[in-house]
1. Could you give me the residue pairs with C-beta distances under 6 Å whose first residue belongs to the range 213-242 and is of a type in the set (V, I, T), whose second residue is away from the ligand (no atom under 16 Å from the Cβ) wherever it lies, and which are 6+ apart or on separate chains?
2. Could you tell me whether any residue of the range 137-155 is polar (S, T, N, Q) and either in contact with an Asp or Glu (Cβ under 8 Å, 6 or more places away or on another chain) or more than 24 Å from L59 (Cβ to Cβ) (or both)?
3. Could you check the range 213-246 and list, in sequence order, the residues that are within 15 Å of the ligand (Cβ to nearest atom), assigned to a loop (DSSP other than H, G, I, E, B) and over 14 Å from I198 (Cβ atoms)?
4. Looking at M196 and the list (1) out of contact with any His (no Cβ under 9 Å at 6 or more places or on another chain); (2) under 30 Å from M317 (Cβ atoms), which single condition is not satisfied?
5. Every residue in the range 5-27 that is among the charged types (D, E, K, R) and either touching a helix residue (DSSP H, G or I) at 6+ places or on another chain (Cβ under 7 Å) or not assigned by TED's automatic domain parsing to the domain that holds L38 (or both), please.
6. Does E277 meet the test of being at negative phi, surrounded by fewer than 19 Cβ atoms within 10 Å (Cβ to Cβ) and away from the ligand (no atom under 16 Å from the Cβ)?
7. Quick one: how many residues across the range 171-212 are under 27 Å from A255 (Cβ atoms), aliphatic (A, V, I, L, M) and away from the ligand (no atom under 16 Å from the Cβ)?
8. Any residue in the range 112-141 that is closer than 29 Å to R253 by Cα and more than 10 Å from the ligand (Cβ to nearest atom) sitting within a Cβ distance under 9 Å of a residue that is of a type in the set (D, E, K, R) and assigned to a strand (DSSP E or B)? List the pairs, counting only those 6 or more apart or interchain.
Amino acid sequence: MEWRIATYASHSALQILKGAKDEGFGTIAFGKERVKPLYTKYFPVADEFLVGEYPEEELLEKGAIVIPHGSFVAHLGIEKVESMKVPYYGNKAVLRWESDRELERKWLEKAKLKLPKVYDDPDEIDKPVIVKFHGAKGGKGYFLAKDSKDFWEKARRIGIKSKESLKEIQIQEYIIGVPVYPHYFYSKLNEELELMSIDRRYETNVDGIGRILAKDQFELSLENSYVVVGNFPIVLRESLLMEVIEMGERVIRAAKGLIGGLWGPFCLETILTDELEFVVFEISARIVAGTNPFIEGSPYTWIRYNKPVSTGRRIAMEIKQAIEEDSIDEILT
Ligand code: ATP
């Protein structure tokens, strides 16, 4: 059978399908009818567009391999992704580990990454914290608190009055620094980690608040929010790159022991402090939208490949290699 590369029409689909075409694959996008022209006319990366959230039968008939991304998993939900029959690139077992804050922490701790301290008891808050709500989209409702008194004042305003109602939230040490999101690719076939690119997000309102004078900020009583609207490329100080790579290697090693492996693209969400220490607050175990500025490749992939290799194209290269080596079953679940 001739394999085709398919993905849900959103997030990083332009990149994934462009990369697949560059490697000679037939491509399929599926999703909402309204966006069909985006993928077939304005940016003609999809040979075919199927309308539907996840048209399983058609995808199976057409020999599709689905490349997962954040919007696909969010639309379908983890249970449906776990039970889907269409071949899926990557290890589905990681979905549980990254969506459960405790499992995720266990994994990142095993990888010996520096993580923000988590406070189970708000009365123990002894430094600035960020208070996160489970499942909050775009950091909606997240707030900062400087000590326990400040925490309880702000928490009461949103209906958290006692320690019994803390299950909905996580209180994390607020790390002062800049966000840095390295994107990796782990080739299961070659047993090799690659650094693909690095980004930071453009988030409203946090990135807009600095455009308003401090005195007006007070008067307007603004709230922080972190709704992502785009991504900026970052080229990191070269002296930090070895650390970035070693962090990725440790994540891969820890995943081998805990989850049966992590392969394909993944990203560490970090804050880099003025001590030049990376503090990791999340892992995304698949392609992230932060790779989108690099459809023509990044400085790092240019050095390695001497041709424009995006993360989307790298995925297609891996699938092509697996087909040629007759080991496609090793990388699909
Ligand atoms: P995602 O889509 O990655 O799940 P989210 O909307 O759930 O994101 P987080 O990524 O948890 O939200 O956090 C939103 C923003 O808050 C981040 O982009 C980062 O800038 C900031 N942030 C998160 N945790 C910390 C922390 N411990 N210290 C400092 N800043 C943080």
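The values are calculated or read from the model by the stated rules, or taken from the named source; none is laboratory data. The model shown is predicted, which means the values in this text are computed figures rather than measured ones. Every residue, glycine as well, gets a Cβ built from its backbone with ideal geometry; the counts of neighbours run over all protein chains shown.
1. V235/P299
2. Residues of the range 137-155 polar (S, T, N, Q): 148.
With either in contact with an Asp or Glu (Cβ under 8 Å, 6 or more places away or on another chain) or more than 24 Å from L59 (Cβ to Cβ) (or both) added as a condition, the list becomes 148.
Within the range 137-155, one or more residues are polar (S, T, N, Q) and either in contact with an Asp or Glu (Cβ under 8 Å, 6 or more places away or on another chain) or more than 24 Å from L59 (Cβ to Cβ) (or both).
3. So the first thing to find is which residues in the range 213-246 are within 15 Å of the ligand (Cβ to nearest atom), and the list is 223-232, 234.
Filter once more, keeping what is assigned to a loop (DSSP other than H, G, I, E, B): 223-225, 234.
Scanning the range 213-246 gives E223, N224, S225.
4. (1)
5. Going through the range 5-27, the residues among the charged types (D, E, K, R) turn out to be 18, 21-23.
Answer for the range 5-27, where residues must be among the charged types (D, E, K, R) and either touching a helix residue (DSSP H, G or I) at 6+ places or on another chain (Cβ under 7 Å) or not assigned by TED's automatic domain parsing to the domain that holds L38 (or both): K18, D22, E23.
6. It is false that E277 is at negative phi, surrounded by fewer than 19 Cβ atoms within 10 Å (Cβ to Cβ) and away from the ligand (no atom under 16 Å from the Cβ).
7. 4
8. Y119/E173
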